[in-house]
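Q: Below is a structure I'd like to ask you about.
The values are calculated or read from the model by the stated rules, or taken from the named source; none is laboratory data. The structure presented is a predicted model; accordingly, all values stated were derived computationally and were not measured. Here the Cβ positions follow ideal geometry from the backbone for every residue, glycine too, while neighbour counts run over all protein chains shown. Just so you know, the surface numbers come from the protein's heavy atoms only, side chains and all, with ligands and any DNA or RNA stripped out. Shrake-Rupley method; radii C 1.70, N 1.55, O 1.52, S 1.80 Å.
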Amino acid sequence: MADTALMQIPGLVDPVPVPREVTPRADGRVDLLGLPKKAIASLFETAGLDAKAAKLRGKQVFHWIYHRGVTDFEAMTDIAKTMRPWLAERFVVGRPEVVLAQHSEDGTRKWLLRTADGHEFEMVFIPDETRGTLCVSSQVGCTLNCRFCHTGTMRLVRNLTPGEIVGQVMLARDALGEWPKGSMAGFTDDDGDDDEGGDYTADGRLLTNIVMMGMGEPLYNFDNVRDGLKIVMDPEGLALSRRRITLSTSGVVPLMGRAGEEIGVNLAVSLHAVTNEIRDEIVPINRKYRIEELLQACADYPKASNARRITFEYVMLKDKNDSDEDAHELVRLIKKYKLPAKVNLIPFNPWPGAIYDCSTPERIRRFSEIVFGLGISAPVRTPRGRDIDAACGQLKTAAAKMSRAELDRLAEEKQAALG
Ligand code: SAH
Ligand code: SF4
């Protein structure tokens, strides 16, 4: 019998992630979603177009995909009618498949999505008076095991591709009906006929902000997250300002500088504790990158300034990290590292099997008052979409099981409604 006592327990701190590869599509066509203009053009060239035509078609197709949300080559009206089937034979413009879409009483929406090769992940949309925030996933599962996080109990299945990351934003725009309608100024049809009506106008933007706070650790899928967000930010792509995008990390210190330089979005850091002892327990990556290194990386974050403060996320766990002393220490640390920062206090969202409780509302209020009284903004994040279990970071383990259970429940409800 193997001596299991000597075997290293995998998975606690920072295991080498061995994500699964993406399985190519069975029909052999290539999905263009998530590719930059140059890559689309070079695929067209490899497929047989001359360089000039490939560049022009790449530009047109890029515009249709990202600016207009079109998935059907037949709808790309400035491309010659004869060219469209040629494209459709070789390429697709995909979307993550929707397994389940839920709508909360408070307007929060949640989708259970599936990749083309069958892995499930989630996306949440949270509207409020001034903005609409989409909570985007970066991985299916997570290699880290934060003790209070349900995603942390899942194994990493695989990294999401740039297309699956951009695809979430595209899908949300589809669902919210946010693609511009009408004809495109500056683009004339090859055939010379104007088969579109109306003006090219952007509809009201319900989706205004993106947070990389869904499943996964975005900095452990650095290249794909960067490439996906580049398209989201591209003025000719989805054209969302970097100021409206926030990347949340549990503290992958060596990649934070690169994130600032190569992506340049707002930074949120899942701090959750003010001593290494407690943080080692609840955010185990702390055993590798200590609080001091993490805060120094925040101080060095290229984009940090008073106008663009770093957000420290702090989950409120009863009798674990929520004392008056903790609140004072939090402010001391922020001031010691001279960080332009604000604190987001997140009431712990319990899940079956979780070993923590949420702090009491009075405790959370007191904690917030102390931090605020010492000059640091510390709003309490109101739980949203509780009826559909939608809070970011509370994404479910074993998505397959969950969808099964939910599908069963929905089926039961339907049955009951039918009488
Ligand atoms: N992996 C990244 C981003 C995804 S988690 C990170 O850890 O920062 C997004 C946020 O939700 C993190 O701050 C995370 O700590 C928090 N979170 C996770 N589970 C939670 C729960 N059950 N209740 C409240 N917040 C939670
Ligand atoms: Fe992964 Fe973030 Fe959850 Fe930690 S909190 S397990 S890093 S998703």
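Q: Give me the pairs: first residue in the stretch 201-212 and farther than 11 Å from Gly177 by Cα, second residue at pLDDT below 90 and of a type outside the set (S, T, N, Q), beta-carbon distance under 8 Å, and six or more apart or on different chains, which are they?
A: Every condition considered, the pairs that remain are Thr201/Pro180; Thr201/Lys181; Thr201/Gly182; Thr208/Arg131; Asn209/Arg131; Val211/Cys392.
Q: Out of the residues in the stretch 141-156 that are out of contact with any helix residue (DSSP H, G or I) (no Cβ under 9 Å at 6 or more places or on another chain) and within 30 Å of Val93 (Cα to Cα), state the one that is nearest to ligand 1 (Cβ to nearest atom).
A: Residue satisfying both the conditions and the ranking: Thr151.
Q: From the list Asn349, Asn321, exactly one residue is closer than 29 Å to Arg244 by Cα, within 16 Å of ligand 2 (Cβ to nearest atom) and either touching a Cys at 6+ places or on another chain (Cβ under 6 Å) or polar (S, T, N, Q) (or both). Which is it?
A: Criteria check complete, one pass: Asn349.
Q: Looking at Lys110, Lys81, which is the one that is touching a residue at least 24 places away in the same chain (Cβ under 8 Å), away from ligand 1 (no atom under 13 Å from the Cβ) and crowded, with 21+ Cβ neighbours inside 10 Å? Before you say what the answer is, go through the steps one by one.
A: Details: Lys81 fails: crowded, with 21+ Cβ neighbours inside 10 Å.
Unique residue meeting the criteria: Lys110.
Q: Moving on to the next point. Among the residues of the stretch 146-162, count how many are within 6 Å of ligand 2 (Cβ to nearest atom) and modelled with pLDDT under 90.
A: 2
Q: Can you name the helices (runs of 4 or more DSSP H) wholly within the stretch 301-419 that have at least 3 residues being open to solvent by 20 Å² or more (accessible area, probe 1.4 Å) and modelled with pLDDT of 95 or more?
A: Result: 324-336, 361-373.
Q: Consider Asn145 against the criteria (1) open to solvent by 10 Å² or more (accessible area, probe 1.4 Å); (2) within 30 Å of Gly28 (Cβ to Cβ): it satisfies all of them except one. Which criterion is unmet?
A: Tallying (1) open to solvent by 10 Å² or more (accessible area, probe 1.4 Å); (2) within 30 Å of Gly28 (Cβ to Cβ), Asn145 fails exactly one: (2).
Q: For Asn276, all conditions in the list (1) away from ligand 1 (no atom under 16 Å from the Cβ); (2) over 14 Å from Tyr337 (Cα atoms); (3) touching a residue at least 40 places away in the same chain (Cβ under 8 Å); (4) more than 18 Å from the chain's Cα centre (by Cα) hold save one; what is the number of the exception?
A: So the condition that Asn276 fails would be (3).
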